[in-house]
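The structure appears below as structure tokens.
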Amino acid sequence: MGLEERIRQLSSLDGISSREDAVIDYMYDAFRAFSNEVEVDRIGNVICHFPGTASPARNMMVFAHMDEIGFIVRKIEEDGFIRIERMGGVSTQILPGTYVKILGQQPVMGVIGTPSHHFIKAESKFSVPPVNELYIDIGAASKSEVEDRGVRVGSMVVFADNYLNLSEQLICGKALDDRVGCAVLLELAGALAKKQPEWDVYLVAAVMEEYNIRGIMPAVRRIEPEVSIGIDITPSCDTPDMDYNDIALGKGPALTEMNFHGRGTLAGVLPDEKLLSKLVDICEMHRIPYQREVAPGVITENGFILFENEGVAVANVSIPTRYTHTPFECIHKRDAEQIVELLKRFVLESTKEDIYGKERR
């Protein structure tokens, strides 16, 4: 199966934080085609192990997250409209008029309501309603009708599947954050099944990144990696309304120089200098285009993995993405293919003599 088909299949699955079951099943079955050492931990992290030849063993971890952003039902009105709360950093600007799927006993389709344009007051035409004012319309006339269709307080809600080839190279759809990274993990598994690495390599499809970032931590504490590489999306700035940096679709993987999320989490990633240099060297040696990114407002699990055990050398490899945290995220296929090439070379060419992190004394 090709990379694009993997991305299409994965993005079509529903897997909001803590309800990643469909994606867990997919990743487990797909990993099992390449390794006999695949397991799912108690909270849902899927861990695929490829033993290395080095003695004593040296552990590296490459990960991506399975969950997607969405909503949770907080109240059902007597007239059948459904109130919601965000699960993860959903972009509220695009919500009115958006198709959604409520994950009840059976999936229920709906639309996030919006006032008819003809009656919107002039002072409200250019404002975005807060989430607590939004509601989902499933065509029900009463609270009991909603409940009869299997929807209740606590039901999860995701964006409706809308995969689209915007052009020959551009893919658009929901949950590309981070199902593209999951597809990359499966490509790496295929390569590792054909050639044994020197390092022990653990590929981890993680849970609950969008909700609290730390879902991967039980797997980290079990693996005790020396090296951790995260695969995730990053905002591109190649549209008319974005000019913060030069990250663009079609120009290769973005290697993180810094990311930082100051709103509540107060955490971010400053990559290990030696590890980042190794990734750059591979790109330059094999003519893989790459970009360097500084990304405030972005965070990945490596912001916390860094401090585990005796310290972990971390780096992020990012997929430039337009329209992040919306139902129509957009990526360039070639960027994903080049991330696969970069990480294949990294995991297969790493030797037991490689040293990362500060000099220990």
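Here, each number is a calculation from the coordinates, and none is a lab measurement. As the structure is a computational prediction, the values presented were derived from the model and not from experiment. Quick reminder, even Gly has a Cβ in these numbers, built from the backbone with ideal geometry, and neighbours come from all protein chains shown.
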Original post:
Rounded to the nearest 5, what % of the DSSP beta bridges within the chain are antiparallel ones?
Top reply: 60 percent
**OP:** Quote the charge dipole size of the stretch 70-159 about the Cα centre in Debye, to the nearest 20; the model charges only the Cβ of Lys and Arg (+1) and of Asp and Glu (-1).
**Re:** 260 debye
Original post:
What longest range of the chain stays clear of loop-exposed chymotrypsin sites (Phe, Trp or Tyr not before Pro) (DSSP non-H/G/I/E/B, at most 13 other C-beta within 10 angstrom)?
Top reply: 1-125
Original post:
Mind listing the Cα extents of the stretch 70-159 along all three principal axes, in Å, largest one first?
Top reply: 40, 29, 17
**OP:** Output the DSSP H helices from the chain with an along-axis C-alpha extent of no less than 27 Å and a mean Kyte-Doolittle hydropathy no less than 0.5.
**Re:** 176-194
Original post:
Which order results if 261, 332 are arranged by neighbouring Cβ count within 10 Å, fewest first?
Top reply: 261, 332
Original post:
With +1 on each Lys and Arg Cβ and -1 on each Asp and Glu Cβ, how big is the dipole of the chain about its Cα centre, in debye rounded to the nearest 20?
Top reply: 120 debye
Subject >> Sparsely packed GluC sites (Glu not before Pro) within the stretch 244-333, loop by DSSP, other Cβ within 10 Å at most 16 >> reply: 308, 310
Original post:
Based solely on its DSSP helices, what 222 nm [θ] is calculated for the chain when runs of n ≥ 4 H residues each add -39,500 (n - 2.57) and the sum is averaged over all residues, nearest 500 deg cm²/dmol?
Top reply: -7500 deg cm²/dmol
**OP:** Work out, in µm²/s and without decimals, the Stokes-Einstein translational diffusion coefficient of the chain at 37 °C, 0.692 mPa s, Rh from Kirkwood over C-alpha pairs.
**Re:** 155 µm²/s
**OP:** State the answer as a single residue: which of 72, 253, 336 lies farthest towards the positive end of the charge dipole of the chain, with beta carbon charges of +1 for Lys and Arg and -1 for Asp and Glu, about the Cα centre.
**Re:** 72
